[in-house]
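**Q** If you scroll down you'll find the structure; I have some questions about it.
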Amino acid sequence: MTPRRRAKIVATLGPASSDPDTVLDLVNAGLDVARINFSHGDTTSWLQAVDSVRRAQARTGKPVAILGDLQGPKIRIGAVPDSTEITRGDRVDIVVGSDADAESDGECLTISCSYAALVEEVEVGGRVYLRDGELDLLIDEIDGDRIRTTVRGGGLLTARAGLHAPGAGQRLPAVTAQDREHIGFAVRHGFDFLALSFVRSALDLAEAGAAVHAAGGEIPFIAKIETLSAIDDLQEIIAVSDGVMVARGDLGVEVGPAEVPVLQRRIIEAAGRALLPVIIATQMLESMVQRQRPTRAEASDVANAVWDGADALMLSAETAVGRHPVEVVDMMDDIIRRAESGDAGRAAVAQPIELKADTARTVAAAVAAAVDQHPQVRAVIVFTISGRSGRLISHVRLPVPVLVLAPEDKVLQRLALMWGVQPRQCQPPTDIERMLREVERAAVDALALEPGNQVVLTGGFPLGQGEPTNFLKLHQIPPVS
């Protein structure tokens, strides 16, 4: 039986990858979760991406989740002319509380920033970073609504580029008016997850959740960890989230590059203890925006994220605007598979499941014990209505395939993010004989098992009534009659 990849792939759709043919190729290459970044594009492009994903899902039969990434309280500059380059030693003035276009008098470039409180949250000698930290400005003077800076690290400056100053942005709302519009779009078009950017505290997630309910929906939230405030409030944020994303771009600007690997592992471990999925994001295969092959360092970065215990790894510009979006997903798939093979792959640490007074958790722990104590078990097959059992078993980090059977597309799509889980549609069986026939069919069709192979079967009894998971059965695939 061919080993299946267990860590999942999230890829951002954009101008290079939203058409139906390319999305179909991405799904066939290994895409599990399609990210739509609300910071870029418009309603037309987002609708095309959603339609392309659902078409690809229908053609392949593979559930694919759609993740909407909200902009959140991100500070951005105003418009600048195309191909604006700034170099070390240049003078740049930032005028706050303004959306005016950039101007230059030949000696100083003046750009705008609509966040008026910025002048009160920075100080002389501090730094302002643009474009995810690629451009570095030293603050020389604060004069009214004008922040005068000198460029320390230059490069290309683009319109609406993100502006970051450590500690700034505390007065911005967690969910902006624009975010609320995007939440409404996500609810109307059946998004499976939403990611909230620049989370500062657990209260931000509560505000975002209230906005989803106000829009008439119920969508799980992924908290993006990219600020010092989020690190300080990490446990409380995890407690109210449905998953976390280690957003290494802005996090690296906030804490410095050397601290990011340490925090990445810390966040993965903390989320794992809470049985939440973790996505590692930003610059995983960045060189493949232009090139057809990654650097060795990038391949090692992907592998180390797998070994750290990440549930999913995310591609951003590589697939959204890169030259080779399908090849990037194919390459990430290959790197993850190789990282998961052999002794290194088997070293991934499963998270102990705290039993509490919870039958589903007890059964998940029992499944892990059964697989451990019966080496002849080749797979685990889970019948579920809500998907919760599949999510719990995902965190046990089993060495065998986990096939989760559920009737609803929404449940299957959300399971597409979960480590090691292969979701498949199946109407809930109403009696034991039908259940066993479905198990045997799925074991052969989806897992390529053979007669005599043993599986662990779990679900809720009485069958077909949405009961919580409460039984476990060892079952042997019978000979073909």
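The values are calculated or read from the model by the stated rules, or taken from the named source; none is laboratory data. As the structure is a prediction and not an experimental result, all values here were calculated from the model. Neighbour counts run over all protein chains shown; Cβ positions are idealised from the backbone, glycine included. Ligands, DNA and RNA are stripped out before the accessible areas are found, and what is left, the full protein with its side chains, is counted by its heavy atoms. Shrake-Rupley method; radii C 1.70, N 1.55, O 1.52, S 1.80 Å.
**Q** What pairs can you find where one residue is in segment 366-380 and within 11 Å of Leu472 (Cβ to Cβ) and open to solvent by less than 40 Å² (accessible area, probe 1.4 Å), the other is among the hydroxyl-bearing types (Ser, Thr, Tyr) and not in a helix (DSSP H, G or I), and their Cβ atoms are less than 7 Å apart, with a gap of 6+ or different chains?
**A** That search, which allows pairs on different chains as well, returns Val367/Thr458.
**Q** Wholly within segment 117-175, which strands (runs of 3 or more DSSP E) include no fewer than the required count, namely at least 1 residues that are acidic (Asp, Glu)?
**A** 135-143
**Q** Taking the condition surrounded by fewer than 15 Cβ atoms within 10 Å (Cβ to Cβ) and in contact (Cβ under 8 Å) with a residue 40 or more places away in the chain, does Arg76 pass?
**A** No: the conditions fail for Arg76.
**Q** In addition: Output the residues belonging to segment 183-192 that are over 12 Å from Ile66 (Cα atoms) and either open to solvent by 10 Å² or more (accessible area, probe 1.4 Å) or not β-branched (Val, Ile, Thr) (or both).
**A** Gly184, Phe185, Arg188
**Q** Any chance segment 68-87 includes a residue that's of a type in the set (Asp, Glu), out of contact with any His (no Cβ under 7 Å at 6 or more places or on another chain) and assigned to a strand (DSSP E or B)?
**A** Within segment 68-87 (the criterion being of a type in the set (Asp, Glu), out of contact with any His (no Cβ under 7 Å at 6 or more places or on another chain) and assigned to a strand (DSSP E or B)), the answer is yes, since at least one residue qualifies.
**Q** Under 6 Å between Cβ atoms, which residue pairs at least 6 apart in sequence (or on different chains) link something in segment 402-414 that is under 18 Å from Ala195 (Cα atoms) with a partner that is open to solvent by 20 Å² or more (accessible area, probe 1.4 Å) and assigned to a strand (DSSP E or B)?
**A** Between residues of segment 402-414 that are under 18 Å from Ala195 (Cα atoms) and residues that are open to solvent by 20 Å² or more (accessible area, probe 1.4 Å) and assigned to a strand (DSSP E or B), there is no close pair.
**Q** Turning to a different aspect of this structure: Restricting attention to segment 35-60, which residues are more than 28 Å from Ala159 (Cβ to Cβ) and without any contact (Cβ under 8 Å) to a residue 12 or more places away in the chain?
**A** Passing the criteria: Arg54, Ala58.
**Q** From the set of residues in segment 423-454 that are touching a helix residue (DSSP H, G or I) at 6+ places or on another chain (Cβ under 9 Å) and open to solvent by 50 Å² or more (accessible area, probe 1.4 Å), which is farthest from Leu275 (Cα to Cα)?
**A** Checked segment 423-454; the qualifying residue farthest from Leu275 (Cα to Cα) is Pro451.
**Q** Which of the residues spanning segment 460-476 are in contact with a strand residue (DSSP E or B) (Cβ under 7 Å, 6 or more places away or on another chain), part of a loop (DSSP other than H, G, I, E, B) and either open to solvent by 70 Å² or more (accessible area, probe 1.4 Å) or without any contact (Cβ under 8 Å) to a residue 40 or more places away in the chain (or both)?
**A** Within segment 460-476, Phe461 is the sole residue that qualifies.
**Q** Any residue at all in segment 92-102 that's open to solvent by 10 Å² or more (accessible area, probe 1.4 Å), within 21 Å of Asp330 (Cβ to Cβ) and of a type in the set (S, T, N, Q)?
**A** no
**Q** Being part of a loop (DSSP other than H, G, I, E, B) and out of contact with any strand residue (DSSP E or B) (no Cβ under 7 Å at 6 or more places or on another chain) is the filter; apply it to segment 408-422 and report the residue that is least open to solvent (accessible area, probe 1.4 Å).
**A** Met418
Yes or no, residue by residue, for (1) more than 28 Å from Gly41 (Cα to Cα); (2) hydrophobic (A, V, I, L, M, F, W, C); (3) out of contact with any strand residue (DSSP E or B) (no Cβ under 7 Å at 6 or more places or on another chain):
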{"site": "Pro63", "(1), (2), (3)": "no, no, no"}
{"site": "Ile86", "(1), (2), (3)": "no, yes, no"}
{"site": "Cys113", "(1), (2), (3)": "no, yes, no"}
{"site": "Val122", "(1), (2), (3)": "yes, yes, no"}
{"site": "Val128", "(1), (2), (3)": "no, yes, no"}
{"site": "Arg131", "(1), (2), (3)": "no, no, no"}
{"site": "Gly144", "(1), (2), (3)": "yes, no, yes"}
{"site": "Arg148", "(1), (2), (3)": "yes, no, no"}
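**Q** Among the residues of segment 51-67, which ones are surrounded by 16 or more Cβ atoms within 10 Å (Cβ to Cβ) and outside any loop (DSSP other than H, G, I, E, B)?
**A** Ser52, Val53, Arg54, Ala56, Gln57, Ala65, Ile66, Leu67, listed by residue number.
**Q** If I ask for residues that are open to solvent by less than 70 Å² (accessible area, probe 1.4 Å), over 18 Å from the mean Cα position of the chain (by Cα) and at pLDDT below 95, which ones from segment 1-50 would you list?
**A** Selection gives Gly41 alone.
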